[in-house]
1. Could you list Val44, Val113 so that the one with the fewest beta carbons within 10 Å of its beta carbon is first and the one with the most is last?
2. Taking the Cα centre of segment 4-141 as origin, work out the dipole magnitude from +1 charges on Lys and Arg Cβ and -1 charges on Asp and Glu Cβ, in debye rounded to 20.
3. Taking the beta-carbon count within 10 Å as an exposure proxy, list Val28, Val68 from fewest neighbours to most.
4. Using the beta-carbon distance between Arg57 and Thr123 and R0 = 22 Å, what value does 1/(1 + (r/R0)^6) give for FRET efficiency, to the nearest 0.05?
5. Quick check on the exposure proxy: order Thr17, Thr123, Thr91 from fewest to most C-beta atoms within 10 angstrom.
6. If you wrap a convex hull around the C-alpha atoms of segment 3-136 and split its volume per residue, what is the figure in Å³?
7. Where Lys and Arg each count +1 and Asp and Glu each count -1, what net charge lies around Ser58 among other residues with Cβ under 12 Å from its Cβ?
8. Out of the trypsin sites (Lys or Arg not before Pro) in segment 47-134, which ones are loop residues according to DSSP with at most 14 other C-beta atoms within 10 Å?
Amino acid sequence: MENCAENKKPKILILATISGGYAGADAVGQLHAEYPNNTYILPVICPSMFSKDFYLRSFKRGIDGILVMYSGTDSPYKGGPERAALMINETYPLLKEHGIDTRRLKLAAICTVCTKPFIKEVTQMDKLLEDIGFVQDEMEAFPGLEAAAV
């Protein structure tokens with residue numbers, strides 16, 4: 001009998017804007033295209049509504065990689081893409097402080113018909129996570145941090 005822990009795959013959270021990334025994900029689904037099944041897609045209006053602490057809490061609770069899929073400058077929300085990019089950039093130092101590899105968080109421009117880029121981003125994140133492992137292991141290996149959940 002196989003051990004369930006051996007079959008466990010790192011979890012990828014996709015924050016997909018309704019006006020871009022989520023529509024791109026939907027287009028991928030309509031094509032019946034395959035991408036890693038360890039992904040969880042959360043449709044959002046604008047990712048700039050999530051604080052830096054949201055990302056840190058997500059990692060501490062077992063999400064191993066986060067892709068923020070935004071429609072880029074085609075966003076219907078004035079200033080949204082810029083605020084989201086700023087928030088992500090401000091989150092990287094916080095992740096480093098907690099021993100989390102910053103490559104686990106990525107902002108990607110995905111439009112409503114971007115099926116190949118959607119699959120590419122998810123596949124690249126999945127490959128990266130296979131290489132670097134689970135975020136919990138990474139945080140436990142980082143000296144001086146408590147393993148308490150946020």
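1. Details: Val44 21, Val113 11.
By the 10 Å Cβ count, ascending: Val113, Val44.
2. On the way: 16 positive and 17 negative charges, 54 e Å.
My answer is approximately 260 debye.
3. By the 10 Å Cβ count, ascending: Val28, Val68.
4. Calculated transfer efficiency: 0.25.
5. Fewest-to-most ranking of Thr17, Thr123, Thr91: Thr123, Thr91, Thr17.
6. Values: hull volume 12.7 nm³, N = 134.
Per-residue hull volume (Cα only) is 94 Å³.
7. Within the 12 Å Cβ shell, the charges total +4.
8. Listed in order of number, the matching sites are Arg61, Lys78.
Throughout, read-outs are computed from the coordinates displayed, never taken from laboratory work. Every value quoted in this text rests on a predicted model; they were computed, and no experiment measured them. Here Cβ is always computed from backbone atoms with ideal geometry, including for glycine, and neighbour counts include all displayed protein chains.
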